[in-house]
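Since the structure comes first, as structure tokens, the remarks are kept for the end.
Every number here is computed from the coordinates shown, using simple stated rules; none is lab data. Here the structure is a predicted model, which is why all the values come from computation and not from measurement. FYI the Cβ positions are ideal-geometry reconstructions off the backbone, even for glycines, and counts take in every protein chain you see.
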Amino acid sequence: MLNSNEVREKFLDFFKSKGHEIVPSAPMVVKNDPTLMFNNSGMAPFKDLFLGNAPIKFPRVADTQKCLRVSGKHNDLEEVGVDTYHHTMFEMLGNWSFGDYFKKEAITWAWELLTDVYKIDKSRLYVTVFEGSAEDGLGFDQEAYDLWKQFVPEERILRGNKKDNFWEMGDMGPCGPCTEIHYDGRSDADIAKIPGASRVNNDDPQVIEIWNNVFMEFERKADGSLIKLPKQHVDTGMGFERLVRVLQGKQSNYDTDVFKPVIDKLEELSGHRYKPENENDHKKQLIINIAMRVIADHIRAISFSIADGQLPSNTGAGYVIRRILRRAIRYGYQSLNLKEPFMFRLVPVLANQLGHAFPELLSQKLLIEKVIREEESSFFRTLEK
Ligand code: GLY
């Protein structure tokens, strides 16, 4: 079984072999863009390349981008911890074509990587294509449909509406129709009872989107209209934590080696166990599990933010981070009976786990610990009052 670092490496190596330049993640915190506080997707740092406002140095690029979805158009905060597959901070694996290849290569390579390299069971994969939108004057994406037909039986190629299959970064900006790849991770017995096609995009925690391939052709203007971009581009985003879960055969992102070390540490600090809820202790165990997931998720958002130079504060992005930190502390305090600072103790575990891919966690470890510890001490004093 691949560990998470190997999964990331394989993605980057694959696209390198297809002529892509591998670039480091941009910071998670965005400066100088009034429409965005944090990078909410892999494409956000490349916005100006899509719009034709910046020169294209490499027409093909691949990376893993640190993203945060806690505000604005893409906000997953309320789902985090309650379910097992949304996160505040997550890595988005992406391959990019800036005016170079388009649908054919993107779809062919996505399939090749998932089924030949990662060897995911083809019969568990579903794809969706854009059905069109009268409102925007756009038709069905026949081209993507026909490309998928080479690989996927038609009953597993589904049509999706604008909400699911037309990707937009925000209210304005580059956008375009997309094709998503979903994985059905249910048991064979459940699959025999209910076909996966009806579970796609239906909030089934075991039938989840893993990869979105966006065909950027338009720009949404402030008045809501669409104009054609000077070039056609590809923007793909694969949720790293979800991919690892699929490849490690787990039913929850938190059971993978991306989160497990932090959860182990939380068990040690709190004396509580992270384990499946059963009939007798369902409610009690669920409260513990949700708290542990929230904390294991939030420590990443906070640590990466501080490593990127955004400290908790009372305004703007700093306030978002402070609120995430306080949310995690409250869960620890109320559900895990943690009555003194504990979040800072998770930082070395995280740095150890992710420091290879993101060296800033190692180089800034002491600062991250110190900032979190101070924030925690002062918030614990407030909680005690
Ligand atoms: N930009 C594609 C996505 O975030 O899904």
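The table below gives the values:
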{"read-out": "Label point 7 Å beyond Cα of Ala197 along Cβ direction - residues of segment 88-125 with amide nitrogen under 12 Å", "value": "none"}
{"read-out": "Net charge over other residues, Cβ less than 10 angstrom from the Cβ of Arg326 (K, R count +1; D, E count -1)", "value": "+2"}
{"read-out": "Interchain or long-range residues, amide H under 5 Å from Ser25's placed H", "value": "Thr64"}
{"read-out": "Exposed-site-free run, longest, the chain (rule: chymotrypsin sites (Phe, Trp or Tyr not before Pro); DSSP loop; at most 16 other C-beta within 10 Å)", "value": "141-385"}
{"read-out": "Net lengthening on full extension, Asp171/Ser378 (0.36 nm per residue, minus Cα-Cα)", "value": "70.8 nm"}
{"read-out": "Inter-probe distance in nm under a simple model that places probes 7 Å from Cα toward Cβ, at Lys163 and Lys122", "value": "3.3"}
{"read-out": "For segment 272-287, 3J(HN,Hα) per residue [Karplus equation, 6.51 cos²θ - 1.76 cosθ + 1.60, θ = phi - 60°, Hz, x = Gly/Pro]", "value": "8, 9, 8, 8, x, 6, 10, 4, 6, 10, 3, 5, 5, 5, 4, 4"}
{"read-out": "Sum of -39500 (n - 2.57) over DSSP H runs of 4+, divided by residues of the chain (222 nm, nearest 500)", "value": "-11000 deg cm²/dmol"}
{"read-out": "For segment 70-112 and segment 369-385, distance of Cα centres in Å", "value": "34"}
{"read-out": "Relative intensity, log₁₀ I(q)/I(0), of the chain from a Debye sum that treats every alpha carbon as a point, q = 0.09 Å⁻¹", "value": "-0.53"}
{"read-out": "Distance in nm between pseudo-label sites at Asn352 and Glu268 (7 Å out along the Cβ direction from Cα)", "value": "0.6"}
{"read-out": "Fewest-first sequence of His233, His20, His87, His74 by Cβ atoms within 10 Å of each Cβ", "value": "His74, His20, His233, His87"}
{"read-out": "Bridge type composition, the chain - antiparallel percent by DSSP, nearest 5", "value": "90"}
{"read-out": "Residues whose placed amide H lies under 5 Å from that of Phe166, excluding near-sequence neighbours", "value": "Cys178"}
{"read-out": "In order through segment 115-123: 3J(HN,Hα) via Karplus (6.51 cos²θ - 1.76 cosθ + 1.60), integer Hz, x for Gly, Pro", "value": "9, 8, 7, 7, 6, 6, 4, 4, 6"}
{"read-out": "Net lengthening on full extension, Lys275/Asn314 (0.36 nm per residue, minus Cα-Cα)", "value": "10.4 nm"}
{"read-out": "Rounded FRET efficiency, nearest 0.05, which uses the C-beta distance separating Glu79 from Ala26 and R0 of 35 Å", "value": "0.90"}
{"read-out": "Length added when fully stretched, Glu6-Glu112, from 0.36 nm per residue minus Cα-Cα", "value": "36.4 nm"}
{"read-out": "Other-chain or far-sequence residues with amide H under 5 Å of Ala357's (modelled H)", "value": "none"}
{"read-out": "Calculated from backbone phi, Karplus (6.51, -1.76, 1.60) coupling profile of segment 229-242 in Hz, x at Gly/Pro", "value": "6, x, 9, 9, 10, 10, 10, 10, x, 10, x, 4, 5, 6"}
{"read-out": "Residue order, fewest to most beta carbons within 10 Å, for Arg220, Arg381", "value": "Arg381, Arg220"}
